[in-house]
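A.B. asks: Below you will find the structure I want to go over with you.
The values are calculated or read from the model by the stated rules, or taken from the named source; none is laboratory data. None of the values given here were measured: they were computed from a predicted structure. Neighbour counts are summed over all protein chains in view; Cβ atoms, including those assigned to glycine, are modelled from backbone coordinates with ideal geometry.
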DNA sequence: CTAGCGATGAGACTGATTCTCAGGCTAGCT
DNA sequence: AGCTAGCCTGAGAATCAGTCTCATCGCTAG
Ligand SMILES: [Zn+2]
Ligand SMILES: [Zn+2]
Ligand SMILES: [Zn+2]
Ligand SMILES: [Zn+2]
């Protein structure tokens, strides 16, 4: 069966470069995770990643998934987001698509949103506090249109 | 030994009233947790609550602590905050002391801060989205002054 | 082509949180 | 005050996400 050769996006390319620069060797498991993340516009849980990869012809061990996600997080190419759902989610960081999340407390739906004034307010605070701010996470809780 | 009779604050009083209104009976475990939370200005983890209560003369079972915190969260008098530390923290909601947190990724220190422009930005978004926003959580990650 | 060493994954382990259920206590009634 | 229904508690088992261990696999420098 012919393998679907997808076009690598900016993110996947940049991520592979950073991995190489950081001294990592190439490996099938990591490539599969990076490739899957590259297709996402919002966050996936480690469990979802495990399932999606298994559904393709490239299952990856759970230990590897967590190890890889941690490496990507440290490299600054992936963001670990805690939406108060007792499990972390991970999404690729694309400078041109910075966003935050609305979480439905009833059905768990996650909706992305972005807002310039909000970012400005956060940047402003970051400069004022005696703290080296490296990132921020903003989550709005409530009920989605369907659950209301 | 004389028991230190503390003055009930606005929060503890209001919480007890809401519990009664919601049809809850009174109970020693819950009263102890509510009283402890009332003394806090920022968030405690369930484990810390368990220890602090045990250190006094009123140990409360772990199951009860979690059950009670969940009830208080549902009543809207306690906020469950996830600071990305693999464990939730809980703090009383005091309308006049609304705040958010700075978390040191190195040592885990939690520092509270508040910012009017930030709240305004969040309120503004809340009104614009097709989502019934009931609350929000903002966490800034980075390195505290000591760990830098 | 081969050795050396990073990459991988099965499964045990940990730690936080949730569940179960027997016994305790409150609130309401007599 | 005494009695009862049913909420309140807590010890310990069960879950579950996430972490660790370690034997094996497979890059890649040479
Ligand atoms: Zn997202
Ligand atoms: Zn919903
Ligand atoms: Zn706080
Ligand atoms: Zn620190």
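A.B. asks: Looking at A:123, A:73, A:146 in this structure, which one is within 12 Å of the chain's Cα centre (by Cα) and within 11 Å of another protein chain (Cβ to nearest Cβ)?
C.D. replies: One residue alone meets the criteria, A:73.
A.B. asks: Still on this structure, I have one more. Only one residue in A:82, A:74, A:134 is at pLDDT below 95 and within 16 Å of ligand 4 (Cβ to nearest atom), so which one is that?
C.D. replies: Being at pLDDT below 95 and within 16 Å of ligand 4 (Cβ to nearest atom) holds for just one of A:82, A:74, A:134, which is A:134.
A.B. asks: Would the stretch A:9-17 turn up any residue that is more than 30 Å from residue B:134 (Cβ to Cβ), part of a loop (DSSP other than H, G, I, E, B) and either touching a helix residue (DSSP H, G or I) at 6+ places or on another chain (Cβ under 6 Å) or free of Cβ contacts under 8 Å to residues at least 24 places away in the same chain (or both)?
C.D. replies: yes
A.B. asks: Related question: Does residue B:81 satisfy being in a strand (DSSP E or B), more than 16 Å from ligand 1 (Cβ to nearest atom) and over 30 Å from residue B:27 (Cβ atoms)?
C.D. replies: Answer is no for this residue.
A.B. asks: Can you give me the number of residues within the stretch B:85-105 that are more than 10 Å from chain A (Cβ to nearest Cβ) and away from DNA strand C (no atom under 16 Å from the Cβ)?
C.D. replies: Number satisfying all stated conditions: 8.
A.B. asks: Name the one entry in A:37, A:83 that is touching a helix residue (DSSP H, G or I) at 6+ places or on another chain (Cβ under 9 Å) and in the same structural domain as residue A:10 (by TED's automatic domain parsing).
C.D. replies: A:37
A.B. asks: I would also like to ask the following. Out of curiosity, is residue A:72 within 16 Å of DNA strand C (Cβ to nearest atom) and in contact with a helix residue (DSSP H, G or I) (Cβ under 8 Å, 6 or more places away or on another chain)?
C.D. replies: The answer is yes for residue A:72.
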